[in-house]
1. Kindly indicate whether residue 181 is part of a helix (DSSP H, G or I), among the hydroxyl-bearing types (Ser, Thr, Tyr), at pLDDT below 95 and surrounded by fewer than 23 Cβ atoms within 10 Å (Cβ to Cβ).
2. Would you please list the contacts, defined by Cβ atoms under 9 Å and residues six or more apart or on different chains, that run from a residue in the stretch 58-81 that is of a type in the set (D, E, K, R) to a residue that is surrounded by 19 or more Cβ atoms within 10 Å (Cβ to Cβ)?
3. So which residues in the stretch 47-73 are modelled with pLDDT of 95 or more and either under 19 Å from residue 154 (Cβ atoms) or assigned to a helix (DSSP H, G or I) (or both)?
4. Suppose we filter the stretch 120-154 for residues that are assigned to a loop (DSSP other than H, G, I, E, B) and in contact with a helix residue (DSSP H, G or I) (Cβ under 6 Å, 6 or more places away or on another chain); how many remain?
5. Please indicate, with yes or no, whether at least one residue in the stretch 160-169 is surrounded by fewer than 19 Cβ atoms within 10 Å (Cβ to Cβ) and more than 16 Å from residue 59 (Cα to Cα).
6. Pairs needed: first member in the stretch 141-162, without any contact (Cβ under 8 Å) to a residue 24 or more places away in the chain; second member anywhere, surrounded by fewer than 19 Cβ atoms within 10 Å (Cβ to Cβ) and not in a helix (DSSP H, G or I); C-beta distance under 7 Å; at least 6 residues apart or different chains.
7. Exactly one of these conditions fails for residue 117: (1) within 21 Å of residue 13 (Cα to Cα); (2) of a type in the set (Gly, Ala, Ser); (3) in a helix (DSSP H, G or I). Give me its number.
Amino acid sequence: MEKQELKKYIIEALGTMLLSLVVILSLAGNMPLVAPVLCVLMFVLLVYLFGNVLISYFNPAITIALWTVKKLSHKQAISYIVSQFFGSAIAIIIATICKIEFVKLPLENTSVLVGFAELFGAFVFALAIYSIINNKFSKDFAPIIVGIAYLTGIALSILLGANGIINPAIAFAVKSFGVMYILGPIVGAVAGIWANKYLID
């Protein structure tokens, strides 16, 4: 494995860990309404810091979607996904060591509507991500654009009745790892990136 590739996997793990930890801590601190905002702020900061080497944006759904359009090889996609879930697992370990009480998000509703809510949120997020990857916007504005898209995607998911995660790795960290919270973001991200590719690329 090349050193540059290894750095990218470490960044994906670090970023996913920080995003997951922010959500875990905000939920445990009785700040559930603030959790999306804190998560997006952390996400924007990470994009500012590492945007020049990012491609999967700390999200396995985005990784899979990029693999479908051949932006990532099989090996790269698998390595990114492993790195992302490793990061979320580290977040769980840190929270456990610090004796943070996990707040389990509701999973009783596993209807198709929940899957659609996560799908729609991920679709909006992926639309913006693919434009950034293809340099449709100035790199200076990239963190702000994807931050707005991320917050919008989360908000749409919540308003449509889901937990507003749109990221399977974070769903794993906050114990919201249901079928719809896996398939919804993946299908939405794939649809968003293909829609962008067809309409804009």
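1. Considered against the rule, which asks whether it is part of a helix (DSSP H, G or I), among the hydroxyl-bearing types (Ser, Thr, Tyr), at pLDDT below 95 and surrounded by fewer than 23 Cβ atoms within 10 Å (Cβ to Cβ), residue 181 comes out as no.
2. Short answer, once both residue conditions are applied: 71/65; 71/130; 71/133; 71/193.
3. Selection gives 58, 59, 60, 61, 62, 63, 64, 65, 66, 67, 68.
4. Residues flagged as assigned to a loop (DSSP other than H, G, I, E, B) and in contact with a helix residue (DSSP H, G or I) (Cβ under 6 Å, 6 or more places away or on another chain) within the stretch 120-154 amount to 1.
5. yes
6. These pairs meet every condition: 145/137.
7. Among (1) within 21 Å of residue 13 (Cα to Cα); (2) of a type in the set (Gly, Ala, Ser); (3) in a helix (DSSP H, G or I), residue 117 violates only (1).
The values are calculated or read from the model by the stated rules, or taken from the named source; none is laboratory data. Predicted model, so just to flag it, every value in this text is computed and none were measured. Quick reminder, even Gly has a Cβ in these numbers, built from the backbone with ideal geometry, and neighbours come from all protein chains shown.
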